[in-house]
């Protein structure tokens, strides 16, 4: 199976987590999603080499891992900004001015959907419903924290806070 | 009204608080005094119907699972919840996670399950962490694992994190995703109860469905069957969003009038406006007009009678100033984005519908577009492996039928449309239209999408030659 040697992407303690994930399922292939999440957590995105590495860890074909990684929209196949802002514009958010928030951030940062600012700090993405409809409009940062009930002022504050946290 | 799931007890998400309020007593009751068949019968008698949208009898679903232990059996708890307008499972994870865990353990006992997988959408980072903690707490108390509470029943429970695919809320797609594959829905039959995840018998239940189980066991099926509408008993977690003053999740009996939910619980429409359209059960459900909404009761049968459905009870309210065409365009964009690409009608059809809606929004729509949209929708509906095709087709079909005037208003009235001989692509008569705009120039839009601007004189030459 192994066609090439790679520098291991996981250290000893992470390999324990890998083993834990594999043990949760009857077949090792099922651990591909948790492992891709681990790669993304550590490196920020998933390169093709990382997909090969995951394939080798689970003894599954590399192209299968590529197929999975490209199917799911939360896996980043290219580097994103340090703060990846995912702004919901689906129906409920749209009714509560989600597009206004999106356009405001887009104008302020000078980038369009799925683009990164030149300093690598921010990237933005127009995403589908994140299950925060009662607290619309909202955005998520780096697939993690929700920021809900946004207004233009709150968005500006948030951007300033993120910029200063660097 | 007594609440079944979202009880008003502070810190109920902590295992000790949950246990001191009678938590896990239903699990004890079934492990010590009830046979698996008795549990299934009790759930069947309660009349509990699945809360994921299909409204299928839960007890019936459980009874399809084969008896005996020749093959391992699995339970998947569907917390993918990606339907726009639906955000109820999140509330359960946050406010009463252990009642859901208890319900799934009882389900596991009733069906002889070896492992329970809780599939939660990847975007719910916070709630995945909560659930992982709760499952770990339950393991520590000996409520999950080997020989639960000293009985000979053992089951494992794992949380599986999704990665942003709406389609994984479909049960067979969820199973593929759990197996570590692309989330493609499977052709049925075979049904999951015979060939499910890893080829083994599997049951897939919604989080809210499972959260109801422990109270049915504690208080009895008769008590449960008397709540709300007799044909669809129990409470629902109504998630209200859009133009209302107090959006949120409200737990109320089935059959609650829609206007009661909006006026009494959600504080009416924002800014004292009137409303125009309400989507009753998440974005895929056919919308209701104002007239229909005024008398509508929120349960499976009442909504079915007007050609809509309860879905996930995610109510989206739109006020009188809402642009219905824009709303439909956004909904269609969502289904275009989320179509898995397996079936041609859905993959291509969603793209076509979006293109046509885009041009209506741009002001370049044609009068024939409305019937074209309905025709495309009808050719998707029922012709796909899973229900995503239907989910994309219904809003288009029914929004245009119920709000046709809104769409016609977007198509410029001053345009005169004349079919002409297609000189660009040979001599066949095509459905190409010439529309005359105010500058007396003629825009010829060809089927390949090129727009040519020619003067009136040139056009006359075209006609006469």
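The values are calculated or read from the model by the stated rules, or taken from the named source; none is laboratory data. Predicted model, so just to flag it, every value in this text is computed and none were measured. FYI the Cβ positions are ideal-geometry reconstructions off the backbone, even for glycines, and counts take in every protein chain you see.
Can you say whether residue A:84 is more than 14 Å from chain B (Cβ to nearest Cβ), in contact (Cβ under 8 Å) with a residue 24 or more places away in the chain and either more than 14 Å from the chain's Cα centre (by Cα) or in a strand (DSSP E or B) (or both), as far as the supplied structure shows?
In short, no.
Just one of the numbered conditions (1) in contact (Cβ under 8 Å) with a residue 60 or more places away in the chain; (2) more than 30 Å from the chain's Cα centre (by Cα); (3) away from chain A (no Cβ under 14 Å) is not true of residue B:71; which one?
Going through (1) in contact (Cβ under 8 Å) with a residue 60 or more places away in the chain; (2) more than 30 Å from the chain's Cα centre (by Cα); (3) away from chain A (no Cβ under 14 Å) one by one, residue B:71 breaks only (3).
Quick check on the stretch A:107-116. Is at least one of its residues in contact with a helix residue (DSSP H, G or I) (Cβ under 8 Å, 6 or more places away or on another chain), within 14 Å of another protein chain (Cβ to nearest Cβ) and part of a loop (DSSP other than H, G, I, E, B)?
yes
List every residue pair whose Cβ atoms lie under 7 Å apart, where the two residues are 6 or more positions apart in sequence or sit on different chains, the first residue falls within the stretch B:93-118 and is on the phi > 0 side of the Ramachandran plot, and the second residue, located anywhere, is at pLDDT 95 or above.
Final answer for the pair search is B:112/B:36; B:112/B:73.
Pick from B:328, B:288: which is over 30 Å from residue B:229 (Cα atoms) and in contact with a helix residue (DSSP H, G or I) (Cβ under 9 Å, 6 or more places away or on another chain)?
B:328
Could you check the stretch A:56-72 and list, in sequence order, the residues that are within 11 Å of chain B (Cβ to nearest Cβ) and buried (at least 18 other Cβ atoms within 10 Å of the Cβ)?
A:58, A:60, A:64, A:65, A:68, A:69, A:71, A:72
Of all residues in the stretch B:142-181, how many are free of Cβ contacts under 8 Å to residues at least 12 places away in the same chain and in contact with a helix residue (DSSP H, G or I) (Cβ under 6 Å, 6 or more places away or on another chain)?
2
For the stretch B:277-330, give me the residue count where each residue is touching a strand residue (DSSP E or B) at 6+ places or on another chain (Cβ under 9 Å), more than 13 Å from chain A (Cβ to nearest Cβ) and either without any contact (Cβ under 8 Å) to a residue 24 or more places away in the chain or in a strand (DSSP E or B) (or both).
So the answer is 8.
Does the stretch B:47-68 include one or more residues that are within 14 Å of chain A (Cβ to nearest Cβ), assigned to a loop (DSSP other than H, G, I, E, B), crowded, with 24+ Cβ neighbours inside 10 Å and within 22 Å of the chain's Cα centre (by Cα)?
Within the stretch B:47-68, none of the residues are within 14 Å of chain A (Cβ to nearest Cβ), assigned to a loop (DSSP other than H, G, I, E, B), crowded, with 24+ Cβ neighbours inside 10 Å and within 22 Å of the chain's Cα centre (by Cα).
Contact list please: Cβ distance under 9 Å, first residue in the stretch B:182-197 and free of Cβ contacts under 8 Å to residues at least 12 places away in the same chain, second residue exposed (fewer than 15 other Cβ atoms within 10 Å of the Cβ), pairs at least six apart or on different chains.
Between residues of the stretch B:182-197 that are free of Cβ contacts under 8 Å to residues at least 12 places away in the same chain and residues that are exposed (fewer than 15 other Cβ atoms within 10 Å of the Cβ), the close pairs are B:195/B:189.
Looking at the stretch A:139-153, which of its residues are within 17 Å of residue A:74 (Cα to Cα) and either without any contact (Cβ under 8 Å) to a residue 60 or more places away in the chain or more than 7 Å from chain B (Cβ to nearest Cβ) (or both)?
Matches in the stretch A:139-153: A:139, A:140, A:141, A:142, A:144, A:145, A:146.
Conditions tested, residue by residue: (1) within 14 Å of chain B (Cβ to nearest Cβ); (2) in a helix (DSSP H, G or I); (3) surrounded by 21 or more Cβ atoms within 10 Å (Cβ to Cβ).
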{"residue": "A:76", "(1), (2), (3)": "yes, no, no"}
{"residue": "A:94", "(1), (2), (3)": "yes, yes, yes"}
{"residue": "A:155", "(1), (2), (3)": "no, yes, yes"}
{"residue": "A:161", "(1), (2), (3)": "no, yes, no"}
{"residue": "A:166", "(1), (2), (3)": "no, no, no"}
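For the stretch B:84-112, which positions are within 14 Å of another protein chain (Cβ to nearest Cβ) and touching a strand residue (DSSP E or B) at 6+ places or on another chain (Cβ under 6 Å)?
If the condition is that a residue be within 14 Å of another protein chain (Cβ to nearest Cβ) and touching a strand residue (DSSP E or B) at 6+ places or on another chain (Cβ under 6 Å), then B:85, B:86, B:87, B:88, B:89, B:91 are the ones that fit.
Evaluate the following for residue B:278: is it buried (at least 20 other Cβ atoms within 10 Å of the Cβ) and over 19 Å from the mean Cα position of the chain (by Cα)?
no
If I filter the stretch B:80-95 for residues that are touching a helix residue (DSSP H, G or I) at 6+ places or on another chain (Cβ under 8 Å), within 14 Å of residue B:212 (Cβ to Cβ) and in a loop (DSSP other than H, G, I, E, B), do I get at least one hit?
Checking the stretch B:80-95: at least one residue is touching a helix residue (DSSP H, G or I) at 6+ places or on another chain (Cβ under 8 Å), within 14 Å of residue B:212 (Cβ to Cβ) and in a loop (DSSP other than H, G, I, E, B).
So is residue B:240 under 30 Å from residue A:63 (Cα atoms), out of contact with any helix residue (DSSP H, G or I) (no Cβ under 6 Å at 6 or more places or on another chain) and modelled with pLDDT of 95 or more or not?
No: the conditions fail for residue B:240.
Would you pick out the residues in the stretch B:331-356 that are part of a helix (DSSP H, G or I) and within 14 Å of chain A (Cβ to nearest Cβ)?
B:331, B:332, B:333, B:334, B:335, B:336, B:337, B:338, B:347, B:350, B:354
Among the listed residues B:255, B:220, B:234, identify the single one that is within 24 Å of the chain's Cα centre (by Cα), more than 14 Å from every other protein chain (Cβ to nearest Cβ) and closer than 22 Å to residue B:107 by Cβ.
Unique residue meeting the criteria: B:234.
Mind listing just one residue for me: the one in the stretch B:136-178 that is within 14 Å of chain A (Cβ to nearest Cβ) and closer than 16 Å to residue B:19 by Cβ and, of those, surrounded by the most Cβ atoms within 10 Å (Cβ to Cβ)?
Looking at residues that are within 14 Å of chain A (Cβ to nearest Cβ) and closer than 16 Å to residue B:19 by Cβ, I get B:144.
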